[in-house]
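Below: the structure, in C-alpha cells.
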There are 2 protein chains.
Amino acid sequence: MSSSTPHTQRDLKKARTRRALLDAGLALLEEQSLSSIGLREITRAVGISPAAFYRHFRDVADLGVALVEESLGSLHAVIRAGLTERSDDGERIDHLVDAIARFVREHPEHIRFVVRERHGGVAAVRTAIGSQLDRFAAEVAEVLARDEVSRGWSAEDLRMLGETYVDHMVMTASAFLDAALGEGPSEEAVAHTARRQLRLISFGRRHWISDAATPAP
Amino acid sequence: MSSSTPHTQRDLKKARTRRALLDAGLALLEEQSLSSIGLREITRAVGISPAAFYRHFRDVADLGVALVEESLGSLHAVIRAGLTERSDDGERIDHLVDAIARFVREHPEHIRFVVRERHGGVAAVRTAIGSQLDRFAAEVAEVLARDEVSRGWSAEDLRMLGETYVDHMVMTASAFLDAALGEGPSEEAVAHTARRQLRLISFGRRHWISDAATPAP
DNA sequence: GCGCTCGGCGCACAACTGTTTACTGAGAAC
DNA sequence: GTTCTCAGTAAACAGTTGTGCGCCGAGCGC
C-alpha cells in the first residue's frame, strides 16, 4: 500500500519468499508463542538457509511486527462494514457477530496470532498490536457516534464505548477460535453469548447517564 | 491447603527452594513468555543445578500450572470480597475497581503472568487458567444473582453476566499493570474508564430484557 | 553484451539447550 | 548409632540456537 513494488521478476521472487516466511511464522505460531520461535525454525519450514532470513527481516520480532499490520488490516475492513451495515440494533448485533464468526473461520491463524501476542513476550509486537487496536477503537467510536442514542455523549464516553466494543470483539473472536478447535463451547454457544453481551451493552448505552450518581438498584 | 506438610526441616528446605523456583519463574516471565523460558535459566536464577529442577517439577510447563493456582487463588478472595461488600451500585463499583488496583499494585507479576499466558503458547497452562476463570465466572454470577436487579434472570443470562464481569476484571487488571509500568494511560485514567464500563454494564443490567427483540434505538 | 546488484548458500563459530548418569552428604527413621 | 532417604551436584550427552563471513549466479540497468 505504501512501498514501491517494482514489477521486476526478481523483486517478485523476493516478495514471494517474504510471504513464505510470514506464512511459516504464522503457522508455527499456532502452537507456540513468538518469543519461542527460532529463526532457523522458520527458514527450515520455508526451505531456505538461515542466513537468507536477514535479507527480509532483522529479527523474528521484526517479522512479528509485519504480521501485526497484515492480521489487523483485514479485520479492520470487515468489522467496519459489519458495524455500519444496519442501523437497527438487533440486526446490527447479529450481523456483527456473524462477521466476526466468518472472519475467524477464514483467517484463524491471524486472530490466533493477535490474541496470543497482544500481551505476549515481545514488546515491539505488543505495542504494535496495542496501537493498532487503539486506532480501531477510535474508529468504532466514530461510527457509534452517528447513532441517535449517542446524542449528548461526550467524546470521552464514546471513546470508552469504542474500547469496550473492541475488547469484546477480540474476546469473541478468541472464543470462536477455541470453538473451532473443539476447546470450549460450540460456535453456536459462543455466538449466543456474544449477542447477549452486545445486547447488554446496547441496553446500557440506551439508558446511559454520563455523570449523575447511579441510583440504588 | 491440601497437601500434607510434614514439619521436618528437610521438607521445609525443599518447600523453600520450590518457592524460589516459582518466584524465579515469575520474575523471568516479566519480560518473556513461558514457552521461551529455559529450565536452565530458572535454575541459574535460583542458584541450583539444572538437574535439581526435576526434584520439584517435571517440566517448565508443570511449573507454569503450579503458578496458575497460586496467582488466581489470591485474586479470588480479593474480588469476592470486593463484590460482596456493598450492595449500592455506585459504591460497589468504586470498591471493586479499587480492589483490583490494589491487587495489581501488590502482585504485579501474578497478574502479568495470568494475562500473558491466558492465551499463551503452553496448552496446559492455558487450560488451567481457563478453567480457573470459569469457576470464577460462576462464582461472580452467584453473587450477582443475589441482587434485586437479577430477579427474573435465567441461569444462562447470569452466567453470561458473570463472564462479562470476569473478562472486564482481567482486562482492567492488565490495563492497571500497563499504567504502573508507564505504558499507556495513567492509573487514574484506567480506573476512570473501568468505572464507566462497569456503569455501562450496570445500566444494561437494570434494563435487561431477556428474550424480547430489542426496539430500534 | 558487460558489469553490477543482491537473494540465497554453505560453513564455521561459540553459546546455549533439556536430560541422564552416578555421586555426595545432611538429615530422617528406627 | 546405623541405615536409609533424597535434595542437590558435577559432568557429559547430542542437539539446537543466532550470527558472521565469503561466495555464487540469476537477473538487472545500461
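The values are calculated or read from the model by the stated rules, or taken from the named source; none is laboratory data. The structure displayed is predicted, hence computed values, not measured ones. No Cβ is skipped: glycine too gets one built from the backbone with ideal geometry, and neighbour counts run over all protein chains shown. Accessible surface areas use protein heavy atoms only, side chains included; no ligands, DNA or RNA. Shrake-Rupley method; radii C 1.70, N 1.55, O 1.52, S 1.80 Å.
Work out, in µm²/s and without decimals, the Stokes-Einstein translational diffusion coefficient of region A:167-206 at 25 °C, 0.890 mPa s, Rh from Kirkwood over C-alpha pairs. Walk me through the intermediate numbers first.
Values: Rh = 10.4 Å.
Translational D for this selection: 236 µm²/s.
Using only the Cα atoms of region A:123-217, build the gyration tensor, take square roots of its eigenvalues as a ≥ b ≥ c, and label the shape rounded, prolate or oblate: rounded if a/c is under 1.5, else prolate if a/b is larger than b/c, else oblate. Before the final figure, lay out each step's value.
On the way: a/c = 2.38, a/b = 1.35, b/c = 1.76.
Here region A:123-217 falls in the oblate category.
Can you work out the accessible area per residue across the protein assembly as shown, with the rest of the protein chains kept in place, probe 1.4 Å, in square angstrom?
Working: 21360 Å² over 434 residues.
Accessible surface, normalised per residue, equals 49 Å².
A:Asp59 label points, 7 Å along Cα→Cβ, one per copy: pairwise distances from this copy to the rest in nm, shortest first?
Between copies, matching label points for A:Asp59 lie 2.9 nm apart.
I'd like the orientation of helix B:108-117 relative to chain B: the angle between its Cα long axis and the longest Cα principal axis, in ° from 0 to 90, rounded to 10.
Once rounded, the angle reads 80 degrees.
Compute a Gaussian network model of chain B, connecting alpha carbons closer than 10 Å, and tell me which residue from B:Ala101, B:Ala66, B:Ala175 fluctuates the most.
Per the Cα network of chain B with a 10 Å cutoff, B:Ala66 tops the list.
Roughly how much accessible area, to the nearest 100 Å², goes out of reach of solvent when A and B pair up, both sides summed, probe 1.4 Å? Write out the running numbers ahead of the final one.
Numbers: alone 12770 and 12780 Å², together 21360 Å².
Chains A and B together bury approximately 4200 Å².
Might you report the magnitude of the Cβ-based charge dipole of the protein assembly as shown about its Cα centre, with Lys and Arg at +1 and Asp and Glu at -1, to the nearest 20 debye?
Details: 56 positive and 64 negative charges, 296 e Å.
Taking the Cα centre of the protein assembly as shown as origin, the dipole is about 1420 debye.
Pop out a list of residues from region B:175-206 that are at least 40 Å² less accessible with all the protein chains around than in their chain alone; 1.4 Å probe, no ligands or nucleic acids counted.
B:Arg196, B:Gln197, B:Arg199, B:Leu200, B:Phe203, B:Arg206
For chain A, with a Gaussian network of springs between Cα atoms less than 10 Å apart, report the residue from A:Gly204, A:Gly64, A:Gly73 with the top mean-square fluctuation.
Per the Cα network of chain A with a 10 Å cutoff, A:Gly204 tops the list.
Which of rounded, prolate or oblate describes the protein assembly as shown when judged by the alpha-carbon gyration tensor and an a/c cut-off of 1.5?
Working: a/c = 2.03, a/b = 1.13, b/c = 1.80.
Judged from the Cα gyration tensor, the protein assembly as shown comes out oblate (a/c at least 1.5, b/c at or above a/b).
What Kirkwood radius, in Å to one decimal, follows from the Cα pairs of region B:58-217? All intermediate terms of the calculation are to be shown ahead of the outcome.
On the way: mean 1/r = 0.0601 Å⁻¹.
Averaging 1/r across every pair of different Cα atoms and inverting gives 16.7 Å.
Kindly identify residues of region B:104-143 having a loss of at least 30 Å² in accessible area between the isolated chain and the assembly of all protein chains, probe radius 1.4 Å.
Those are B:Val115, B:Arg116, B:His119, B:Gly121, B:Arg126, which lose 30 Å² or more relative to the chain on its own.
Report the one residue of B:Ala101, B:Leu67, B:Ala81 whose Cα lies farthest in the direction of the positive end of the charge dipole of region B:23-114 (charges on C-beta: Lys and Arg +1, Asp and Glu -1; origin at the Cα centre).
Of the candidates, B:Leu67 comes out farthest on the positive side.
Distances from A:Arg151 to the same residue in each other copy, label points 7 Å out along Cα→Cβ, in nm, shortest first?
Label-point separations across copies, in nm and ascending: 3.2.
Probe radius 1.4 Å, ligands and nucleic acids ignored: give me the carbon and sulfur share of the accessible area of region B:125-202 as a rounded percent. Working shown, then result.
On the way: 1650 of 3230 Å².
The C+S portion of the solvent-accessible surface of region B:125-202 is 51 percent.
So how tilted is helix A:155-180 from the main axis of chain A? Cα-based, degrees 0 to 90, rounded to 10.
Tilt of helix A:155-180: around 60 degrees.
Any idea what the A:Asp88 label distances to the other copies are, label 7 Å down the Cα→Cβ vector, nm, shortest first?
Spelled out, the distances from A:Asp88's label point are 4.3 nm.
How much length is gained on full extension from A:Ala15 to A:Ala77, taking 0.36 nm per residue of separation minus their Cα-Cα distance? Mind dumping the intermediate values first?
Working: separation 62, 0.36 × 62 = 22.32 nm, distance 2.37 nm.
Between A:Ala15 and A:Ala77, full extension yields an extra 19.9 nm.
Could you let me know the centre-to-centre spacing of region A:8-57 and region B:13-49, using Cα atoms, in angstrom?
31
For A:Asp23 paired with B:Ala145, estimate the spin-label separation in nm (one decimal), with each label point 7 Å from Cα along the Cα-to-Cβ line.
5.0
Bins of 10 Å, beginning at zero and ending with the bin holding the largest distance: percent of Cα pairs per bin for region B:58-120, please.
All Cα pairs, binned at 10 Å, distribute as 20, 43, 26, 9, 2 percent.
Could you work out how far helix A:89-106 tilts from the main Cα principal axis of chain A, as a 0 to 90 degree angle to the nearest 10?
10
Determine the share of region B:1-103's accessible area contributed by carbon and sulfur atoms, expressed in whole percent, with a 1.4 angstrom probe.
Details: 2980 of 5910 Å².
Here it works out to 50 percent.
What is the dipole size for chain B, taken about its Cα centre, with +1 at each Lys and Arg Cβ and -1 at each Asp and Glu Cβ, in debye to the nearest 20? Spell out each step's value before the answer.
Numbers: 28 positive and 32 negative charges, 176 e Å.
It comes to approximately 840 debye.
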